[in-house]
1. Let me confirm something: among 32, 107, 63, which residue is in contact (Cβ under 8 Å) with a residue 60 or more places away in the chain, more than 18 Å from residue 7 (Cβ to Cβ), touching a strand residue (DSSP E or B) at 6+ places or on another chain (Cβ under 6 Å) and part of a strand (DSSP E or B)?
2. Only residues that are surrounded by fewer than 17 Cβ atoms within 10 Å (Cβ to Cβ) and either assigned to a helix (DSSP H, G or I) or free of Cβ contacts under 8 Å to residues at least 40 places away in the same chain (or both): list them for the range 38-50, please.
3. Answer yes if at least one residue in the range 71-81 is closer than 16 Å to residue 10 by Cα, surrounded by 14 or more Cβ atoms within 10 Å (Cβ to Cβ) and in contact with a strand residue (DSSP E or B) (Cβ under 6 Å, 6 or more places away or on another chain), and no otherwise.
4. Which residue pairs have Cβ atoms closer than 9 Å, lie 6 or more positions apart in sequence or on different chains, and pair a first residue in the range 132-144 that is farther than 20 Å from residue 74 by Cβ with a second residue that is modelled with pLDDT under 95 and part of a loop (DSSP other than H, G, I, E, B)?
5. In the range 53-90, what residues are farther than 20 Å from residue 25 by Cβ, at pLDDT below 95 and touching a helix residue (DSSP H, G or I) at 6+ places or on another chain (Cβ under 8 Å)?
6. Got a sec? Which of 93, 33 is closer than 24 Å to residue 13 by Cβ, modelled with pLDDT of 95 or more, in contact with a helix residue (DSSP H, G or I) (Cβ under 7 Å, 6 or more places away or on another chain) and surrounded by 16 or more Cβ atoms within 10 Å (Cβ to Cβ)?
7. Residues in the range 1-29 that are free of Cβ contacts under 8 Å to residues at least 12 places away in the same chain and either buried (at least 17 other Cβ atoms within 10 Å of the Cβ) or outside any strand (DSSP E or B) (or both): how many?
């Protein structure tokens with residue numbers, strides 16, 4: 001999926017859109033996405049000016065956006081203005097290496113469970129073969 005197609009599945013826009021491309025998608029199972037980390041990201045001006053590091057919460061947000069695309073693809077629907085796909089929980093989050101400008105962040109999410117509109121994913125962010133972050137994330141689609 002290129003950026004135009006991603007925009008059909010996510011309501012996020014600059015500066016909160018954190019996916020550049022979906023490389024693989026198996027609805028109901030897993031998704032692999034790419035985030036090119038650029039020095040032009042707005043958070044780098046303050047985190048940290050002397051050594052820019054992508055905030056961990058932004059890495060988790062990128063994983064959640066990948067999970068949202070996987071959920072929508074699995075449900076065979078798209079984002080609309082009548083509902084919002086929310087975080088419901090983040091468990092076991094661990095950060096293993098800094099993500100810095102110039103890195104390509106590979107975001108992999110796998111469905112662990114889906115029941116009554118609540119989705120649980122195993123999520124990992126990698127730079128090359130190195131694990132940068134991992135978490136279990138819970139998300140839900142709710143009407144506005």
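The values are calculated or read from the model by the stated rules, or taken from the named source; none is laboratory data. This structure is a prediction, so every number in the text was calculated from the model and none was measured. Cβ: placed from backbone, ideal geometry, glycine included. Neighbour counts: every protein chain shown.
1. Working: 107 fails: more than 18 Å from residue 7 (Cβ to Cβ); 63 fails: part of a strand (DSSP E or B).
Sole residue among the options that is in contact (Cβ under 8 Å) with a residue 60 or more places away in the chain, more than 18 Å from residue 7 (Cβ to Cβ), touching a strand residue (DSSP E or B) at 6+ places or on another chain (Cβ under 6 Å) and part of a strand (DSSP E or B): 32.
2. Result: 40, 42, 43, 45, 46, 47, 48, 49, 50.
3. Yes; the residues of the range 71-81 include at least one that is closer than 16 Å to residue 10 by Cα, surrounded by 14 or more Cβ atoms within 10 Å (Cβ to Cβ) and in contact with a strand residue (DSSP E or B) (Cβ under 6 Å, 6 or more places away or on another chain).
4. 144/81; 144/82
5. 87 - this is the single residue of the range 53-90 that is farther than 20 Å from residue 25 by Cβ, at pLDDT below 95 and touching a helix residue (DSSP H, G or I) at 6+ places or on another chain (Cβ under 8 Å).
6. 33
7. 4
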